[in-house]
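J.: The structure under discussion is supplied below as structure tokens; questions concerning it will follow.
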């Protein structure tokens, strides 16, 4: 019998590296990276070069113009914490499904304009003067303080805005909180998930291009208006493209209130155009074609697609009627804007582009349906307010002062109803008995 000889040598064990496989889904890894890496731009803002950090900005507070600083401090804003304030990175959507989910449900809305006295006796009776700046759009109220309006006057103001598109108040002493409260009275205040707001007051958005330029926004004389020719190839910069606010929302913006507390000596105007008047520029046959049609409306901000996070960005898209009926006036309005109306549902892409570009031009090229407002006050240390209805208008800033003098303000937007089209509603001119051209 043969006995096996046992080796006295120890077996050789090869050294191997421990490999840890991260089986966390790739979308969660990307979201974690974006939220935690300081060099990544969480805001995914349309102003591509703009880099904002979360929290209140101490450097920004140092840049504040003196008039703005005084208004904010008088209004109880603690600027020692910094200014403005960018939402926490954990609250800013990374993926488009997160952006959809923010307000993807119905919210009750009661348009205060429907409760107003049609003759507006309380509002007009208390004013020193009521000035219509043009025939179709824009009214200035003289001698009233927005902070002191009664509820009845607020209701009548809402109706006036619904009829005149935009209403102006110069020489206002108005705190950001009082501005927010008025917006809350008019509707559901929108708290923007990305953009800077007044420190401690989400929903009071800061309008301050000078600050954005300090943070990397490339805004200059050569590129400022390029998106008004092609908003796809040239993204809007500094609110200078014709647009309506928040059209991608399930319930888009109704009343918006912009208050400027620092105003350039020359320039820095804002323009508005009437959607009622734009609709009435169309021929009867073209109105019939558009009545009942719908379009896709997109968000200003872009997000990643969770299913394809490396495949580029996407935007929130909603479908709304091209012609919408205002619930208070009952008038039809052309509801499109160059920056955020993507395509018409039910027609070919070529037809959609041709029709939409024509409709954008209706708004932008008819000076008789526009108003251009100069923000200047008559009293030092006061601000000026504009309140407009996004359901029946488009607007744009005019950056002609090129930042040579400061411009700062705060904006509060109230979300309204889901857009709808009532086939029994009338156009403004039809309702008022004004003549319309009959094309042969």
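The values are calculated or read from the model by the stated rules, or taken from the named source; none is laboratory data. Source: prediction; values computed, not measured. All Cβ positions, glycine included, derive from the backbone under ideal geometry; neighbour counts span all protein chains shown.
J.: Restricting attention to the range 146-169, report how many residues are surrounded by 21 or more Cβ atoms within 10 Å (Cβ to Cβ), at negative phi, outside any helix (DSSP H, G or I) and in contact with a helix residue (DSSP H, G or I) (Cβ under 8 Å, 6 or more places away or on another chain).
T.: Adding up the residues that qualify gives 2.
J.: Ok, one more. Look through the range 186-212, keep the residues that are crowded, with 16+ Cβ neighbours inside 10 Å and farther than 30 Å from residue 328 by Cβ, and return whichever of them is modelled with the lowest pLDDT.
T.: Once the filter is applied, the top-ranked residue is 194.
J.: If you don't mind, there's one more thing I want to ask. Quick test of your reading of the structure: residue 197 fulfils all but one of (1) in contact with a strand residue (DSSP E or B) (Cβ under 7 Å, 6 or more places away or on another chain); (2) free of Cβ contacts under 8 Å to residues at least 60 places away in the same chain. Name the failing condition by number.
T.: Of everything listed in (1) in contact with a strand residue (DSSP E or B) (Cβ under 7 Å, 6 or more places away or on another chain); (2) free of Cβ contacts under 8 Å to residues at least 60 places away in the same chain, residue 197 misses just condition (2).
J.: Still on this structure, please answer the following. Taking the range 33-64 as the search range and keeping residues that are at pLDDT 85 or above and not in a loop (DSSP other than H, G, I, E, B), which one is nearest to residue 193 (Cα to Cα)?
T.: Out of the qualifying residues, it is 55.
J.: Considering only residues that are exposed (fewer than 14 other Cβ atoms within 10 Å of the Cβ) and assigned to a strand (DSSP E or B), which ones fall in the range 298-353?
T.: The answer is 313, 319.
J.: Does residue 140 meet the test of being buried (at least 18 other Cβ atoms within 10 Å of the Cβ), over 19 Å from the mean Cα position of the chain (by Cα) and outside any loop (DSSP other than H, G, I, E, B)?
T.: Working: buried (at least 18 other Cβ atoms within 10 Å of the Cβ): yes; over 19 Å from the mean Cα position of the chain (by Cα): yes; outside any loop (DSSP other than H, G, I, E, B): yes.
When the stated conditions are applied, residue 140 passes them.
J.: A follow-up question, please. Within the range 385-412, track down each residue that is out of contact with any helix residue (DSSP H, G or I) (no Cβ under 7 Å at 6 or more places or on another chain), assigned to a strand (DSSP E or B) and within 21 Å of residue 202 (Cα to Cα).
T.: 386, 409, 411
J.: While we're on this one: Which residues, taken from the range 122-145, are touching a residue at least 60 places away in the same chain (Cβ under 8 Å) and in contact with a helix residue (DSSP H, G or I) (Cβ under 6 Å, 6 or more places away or on another chain)?
T.: First pass over the range 122-145, keeping only residues touching a residue at least 60 places away in the same chain (Cβ under 8 Å): 133-138.
Scanning the range 122-145 gives a single hit, 136.
J.: Now for a different question. Do you know which residues across the range 99-137 are outside any loop (DSSP other than H, G, I, E, B), out of contact with any strand residue (DSSP E or B) (no Cβ under 7 Å at 6 or more places or on another chain) and closer than 29 Å to residue 297 by Cα? Full working, then the answer.
T.: Here is the first cut: in the range 99-137, the residues outside any loop (DSSP other than H, G, I, E, B) are 99-101, 112-115, 121-126, 129-132.
In the following step, the residues that additionally are out of contact with any strand residue (DSSP E or B) (no Cβ under 7 Å at 6 or more places or on another chain) were identified as 100-101, 112-115, 121-123, 125-126.
Of everything in the range 99-137, those that are outside any loop (DSSP other than H, G, I, E, B), out of contact with any strand residue (DSSP E or B) (no Cβ under 7 Å at 6 or more places or on another chain) and closer than 29 Å to residue 297 by Cα turn out to be 100, 101, 112, 113, 114.
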